[in-house]
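Report on one structure; see the data block that follows.
The values are calculated or read from the model by the stated rules, or taken from the named source; none is laboratory data. Note that the structure is a prediction, hence the values are computed from the model and not measured. Note that each Cβ is placed from the backbone with ideal geometry, even for glycine, and that neighbours are counted across all protein chains shown. For the accessible areas, the whole protein counts, side chains as well, though only heavy atoms, and no ligand, DNA or RNA atoms are used. Shrake-Rupley method; radii C 1.70, N 1.55, O 1.52, S 1.80 Å.
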Amino acid sequence: MARMIVDAAEALLDKEIPVLDKGFVRLVDYMGGDERIVQSARVSYGAGTKTVRQDRGLIHYLLRNYHASPFEQVQLTCHTKMPVFVARQWVRHRTARLNEISGRYSIMKDEFYVPAPEHILPQSSNNKQGRAGERYDPETEAALVEKFRSEQAQAYRSYGEMLDQDMAREIARINLPLSLYTEWYWQIDLHNLFHFLRLRLDAHAQYEIRAYAEALAVCAKAVAPLAYEAFEEHILGSVTFSRAECEALANLLAGREVQLERRPLALFQEKLDKVRVSEPAPPPEEPELERAATEGWPEPETSA
């Protein structure tokens, strides 16, 4: 099969999706799409599906049953610009290839992230890594925004003064703050991008990296819309219950008391709240594939 062309992805190529105050995500290249996923799956499953409706069913089947390798056939390359502290969270996802701008070779731009007032919030009292919901008063917010800007300006002035003294760039850069913007080219396959999105689109993720995840989701949906629909249905919109939570769910359905307390109970309630607001996709027409051949299940017993 020749290189696959996806119209929605072609329309998005090289267009900046603005993120935060100065950042962006830009899809610069892609390989494959929904058709590549089903083509790859047919190598294992035979002639397989023929129509878009059947392709959709197969993609849902693959994702629902954790058959990940066909999704790895699809790749996206993005040029992204983000604050350094976002990049340090981002790079924790090691199943990608990237090339970042180097402060050893280049003079870093005078570009820093300044949070909007509504995102400058106190520390949460019940989440050690998150923000509280209540805002500061308007005067305090304005003062904090100015403090970000003035300290960033001072850091960049010092950086410039060191460069003017012919200091090596690799040394002059070390006092620049985490709010400095950096850029990189980032290439990842669709399976691992879905893993990134599952974690970084979550409400518990830091707002700033969540904003980049939303932009990356736009790119993924353009390249492989059926796969992205299946991702939303079976991963992003789903919940996983622990063994204790399964027992609690059974008790709840049977009208019995739920045997959970404190934090475990709060987590269980969060999952139930997510279930209550879910909006499932229309059911796909999944292919009739033998489980023994595709999932390693034993052959069913037959009676004589």
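Computed from Cα atoms, the angle from the helix 138-164 axis to the main principal axis of the chain rounds to 70 degrees.
Charged neighbours of GLN73, selected by a Cβ distance under 9 Å, balance to -1 (K, R count +1; D, E count -1).
A 1.4 Å probe, protein heavy atoms only, puts the accessible area of CYS246 near 70 Å². Here r is the Cβ-Cβ distance between VAL277 and ASP21 and R0 is 25 Å; the resulting FRET efficiency, rounded to 0.05, is 0.25. Given axes a ≥ b ≥ c from the Cα gyration tensor, I'd like to know whether segment 191-239 is rounded (a/c under 1.5), prolate (a/b larger than b/c) or oblate. Oblate, because a/c is 1.5 or more while a/b does not exceed b/c.
State to the nearest 20 debye the size of the charge dipole of the chain about its Cα centre, where the only charges are +1 on K and R beta carbons and -1 on D and E beta carbons.
Dipole about the Cα centre, nearest 20: 520 debye.
Sequentially through segment 80-85, phi angles give Karplus couplings (6.51, -1.76, 1.60; θ = phi - 60°) of 10, 10, 8, x, 4, 5 Hz, Gly and Pro residues having no value and appearing as x. Rg and Dmax of the chain, both derived from C-alpha coordinates alone, stand at 24.0, 90 Å. Residue by residue, segment 256-265 carries 3J(HN,Hα) couplings of 9, 6, 7, 8, 10, 9, 6, 4, x, 5 Hz when phi is fed to the Karplus relation 6.51 cos²θ - 1.76 cosθ + 1.60 (θ = phi - 60°); x denotes Gly or Pro.
With each run of n ≥ 4 DSSP H residues scored as -39500 (n - 2.57), what mean residue ellipticity at 222 nm is computed for the chain after dividing by its residue count and rounding to the nearest 500 deg cm²/dmol? One gets -13500 deg cm²/dmol as the mean residue ellipticity at 222 nm. Seen against the Cα atoms of the chain and their longest principal axis, helix 243-253 is set at about 70 degrees.
Other residues whose C-beta falls under 13 angstrom from the C-beta of ALA222 contribute a net charge of -3, scoring Lys and Arg +1 and Asp and Glu -1.
Considering the options ALA68, VAL19, PRO117, tell which one lies farthest towards the positive end of the dipole of segment 1-158, charges being +1 on Lys and Arg and -1 on Asp and Glu at the Cβ, about the Cα centre. The one lying farthest along the dipole's positive direction is ALA68.
Taking every Cα-Cα distance in segment 32-156 and sorting them into 10 Å bins from zero, the calculated P(r) comes out as 10, 23, 20, 19, 17, 9, 1 percent.
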